[in-house]
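Q: The following block contains the structure, expressed as structure tokens.
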């Protein structure tokens, strides 16, 4: 559940940081306010076991966030937020917690619909 | 009760179509309907002001924006309709509907999923385009996202059932539409 909690906290922090630290309206702000709600949304959906893998794009979003100061202009505090938040997102996302419920084999057992029944 | 009649899908340890699984989603959908409906009534000028405890004029900026009026009816009205569809499709069918009415389960999933995606897009647009936030819009977005996870397990059970019907040589379409071929 580390991935989900961290994803939600980092996402909300990214939404608030531009206003709190005074760089709202900048390109850096737009990047963080796009990635923030997306990361938080994916993490929130991934709280439930059936949709746990939905969190995985947050690794990509974390990488994009961490390298964004290289690609677009950032003031110092915006760059620090981007790098720290991005690295935290990348580091935490793989740790989704134990799967406690049995879901009949999950999504791999649901697709394709016309698959041959496997033996056993 | 034989395994064929069990409301618990094969290989599962709970029934995703049980009422205790679905009622919380339906309640959330009704709360979302109330929130989105209130915002839509403001956009339709039924109310002259809108409740906003944190972001000053943020709600007015968002709800009166051009983006909110792209469609023939305001975006909050579309959201309210979406939540109503979620609630109705969440209620229809019994506790074994994952195999007796897969079509309604899939419609339920299709209604819940895109609503969450649209909510995230709107949350992104609020600060990026207008540098403003709207408290009730954010609340509505959270509600729509919270509904996705618990709804998708039922969709998963229905898809597994349809795959099982197909693997046994049955008609997937017939099982999808009428529940025939239900094991």
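Any read-out appearing in this document is the output of simple, stated calculations on the displayed coordinates, not a laboratory observation. None of these values were measured; they are calculated from a predicted model. Heads up, the Cβs are rebuilt from the backbone with ideal geometry, glycines too, and the neighbour counts pull from every protein chain shown.
Q: I'd like the orientation of helix B:135-167 relative to chain B: the angle between its Cα long axis and the longest Cα principal axis, in ° from 0 to 90, rounded to 10.
A: The two axes meet at around 20 degrees.
Q: Then there is this: Based on Cα coordinates alone, diagonalise the gyration tensor for segment A:2-109, multiply each eigenvalue by 5, take square roots, and list the semi-axes in whole Å, largest first. Numbers along the way, then the final one.
A: Numbers: eigenvalues 175, 27, 21 Å².
Result for segment A:2-109: semi-axes of 30, 12, 10 Å.
Q: Could you calculate the FRET efficiency of residue A:100 with residue B:18 from 1/(1 + (r/R0)^6), where r is the beta carbon distance between them and R0 is 22 Å, rounded to 0.05?
A: Numbers: r = 17 Å, r/R0 = 0.78.
For residue A:100 and residue B:18, the calculated efficiency is 0.80.
Q: Obtain the nm distance between the two label points defined at residue A:71 and residue A:5 by a simple spin-label model: each point lies 7 Å from its Cα along the Cα-to-C-beta direction.
A: 3.1 nm
Q: Turning to a different aspect of this structure: Relative to the longest principal Cα axis of chain B, at what angle does helix B:75-91 sit, 0 to 90 degrees, rounded to 10?
A: 20 degrees
Q: Sorted from largest down, what three extents in whole angstroms do the Cα atoms of the protein assembly as shown have along their principal axes?
A: Sorted from largest, the Cα extents of the protein assembly as shown read 64, 48, 27 Å.
Q: Right, here's the next one. Looking at the P(r) of segment B:31-183, how many percent of alpha-carbon pairs lie beyond 21 Å? Could the numbers behind the result be given before it?
A: On the way: 5876 of 11628 pairs.
So the pairs more than 21 Å apart make up 51 percent of the total in segment B:31-183.
Q: Extension gain residue B:110-residue B:139, at 0.36 nm per residue separation less the Cα-Cα distance, in nm?
A: Values: separation 29, 0.36 × 29 = 10.44 nm, distance 2.10 nm.
Length gained between residue B:110 and residue B:139: 8.3 nm.
Q: Now for a separate question. Percentage of Cα-Cα pair distances in segment B:59-132 greater than 18 Å, rounded to whole percent?
A: That fraction is 49 percent.
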